[in-house]
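What follows is a single structure, written as structure tokens, with notes after it.
What follows draws every value from the coordinates through simple rules; no lab data is involved. Everything quoted here is computed from the prediction, not taken from an experiment. All Cβ positions, glycine included, derive from the backbone under ideal geometry; neighbour counts span all protein chains shown.
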Amino acid sequence: MTSQENNDETITFFNKKNFFDYPKEKVKFFIQDKLPLIDTEGKIILDRKDRIKEASNGNGDVFRALGENGLVDEMDANGIKWVSIRRNRQCITQIGRFVIYWANGRK
């Protein structure tokens, strides 16, 4: 799940890295929706005088987004019964950390 702002850059990055040797056809990208922004007092934030500022709606919407982008149907068609979804803002960095800790025998 990407955002409007980083979708093209993310796809380009995966292409340059040859999808980290994972089968390209098994990697799916989709852009998450946006919601209006509000401040800590519940007031709407404006982007301009005549336009409400919006931002990506975040990981909490992943299940609806998977369905709307046809990925639930695709998983069903491929016999996938379980998925693991976790929130991670820096997935490449975090995976790298895990590998480093694992390689050093740390848990």
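The table for this structure:
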item: 3J(HN,Hα) from dihedral phi, region 41-58, Karplus parametrisation 6.51/-1.76/1.60, rounded to Hz, x for glycine, proline; result: 9, x, 8, 5, 9, 9, 7, 9, 4, 10, 9, 6, 6, 10, 9, 3, 7, x
item: Pair Ile44, Asn69: separation of 7 Å Cα→Cβ label points (nm); result: 2.8
item: Under 18 Å from the Cα of Lys26 - lysines, other chains or at least 8 residues apart; result: Lys16, Lys17, Lys81
